[in-house]
Amino acid sequence: MIVRRTRVDLSPVSQCAHGGSRGPHRELGNIAFLADQQLYRTIHCAMSTILSLRKLFAYYQELGTKAIAQVPDADLVRVLAPEGNSVSLLVKHLAGNMRSRFTDFLTSDGEKPWRDREGEFEGPHATRAALMGDWNSGWTCLFAVLDALSDADLERIVLIRNEGHSVQEALHRQLAHYAYHVGQIVLLARTFAGAEWTSLSIPRGGSQAFNAERFAKPAERRQFTDGSGER
């Protein structure tokens, strides 16, 4: 699939509601930007929904992988409070959910009878290698399904716990769920890494320089996952 990157003139068209100029790069919310419907369709339709979702799933996989890599081995099973989850248990839960949801995705309920959800929160992985093997197996199952789907499948109905979802609804549901838990993994990783932490987004103190570099370029249709540090 060819993804077109359409350059767009985003000249300033108004001032912000509370008065005062916001500058050219602050005018994207103005309704005038969408007045030309043909331009909107060109921008909006440049990337398929499935491809866009795949990029987002891949982004959260990468975010989690980079966070886990910064956790000392002993801290992979560490919890911050009673009844809390460790990085290891969060990985077990995510991988178990992915394998259940995306095995026979279009033809069987996403909550498989063989899934042991309660067991996902018990018995952490014995080694980092076992943890990463579990992590990767879940994502492999997910991406195998995404790579076989097209936008023509988006309105097909799939079941999750006997509740019907369109494919699009089911994918958005899972994306939100995985982003939620990856965020927990990043928080734990940041806490355990301490001063050795390497930022996974724009480092503190770097926002102004990053924005200046970004807004010095012509506007274009792209997904934020196509760049780096854009969080």
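Read-outs throughout are calculated quantities, based only on the coordinates presented, and are distinct from any laboratory measurement. Predicted, not measured: the structure shown is a model, and the values here were computed from it.
Cross-link reach is defined here as a Cα-Cα straight distance under 24 Å, omitting same-chain residues fewer than 8 places apart; for residue 112 the lysines meeting it are 92. Scalar couplings 3J(HN,Hα) for the range 122-131, obtained by applying the Karplus form with A = 6.51, B = -1.76, C = 1.60 to θ = phi - 60°, are 9, x, x, 4, 6, 9, 4, 4, 5, 4 Hz; x denotes Gly and Pro.
Rounded to two decimals, the Cα radius of gyration of the range 118-231 over 2.2 N^0.38 Å is 1.41. Listed by chain and number, the lysines whose C-alpha is less than 30 Å from the C-alpha of residue 217, apart from same-chain residues fewer than 8 away, are 55, 66.
Convex hull over the alpha-carbon atoms of the range 49-196: what's its volume per residue in Å³? Kindly include the intermediate steps, with their values, before the conclusion.
Details: hull volume 15.5 nm³, N = 148.
Convex hull volume per residue, Cα atoms: 105 Å³.
Extension gain for residue 215-residue 77 works out to 45.5 nm (0.36 nm per residue, less the C-alpha to C-alpha distance).
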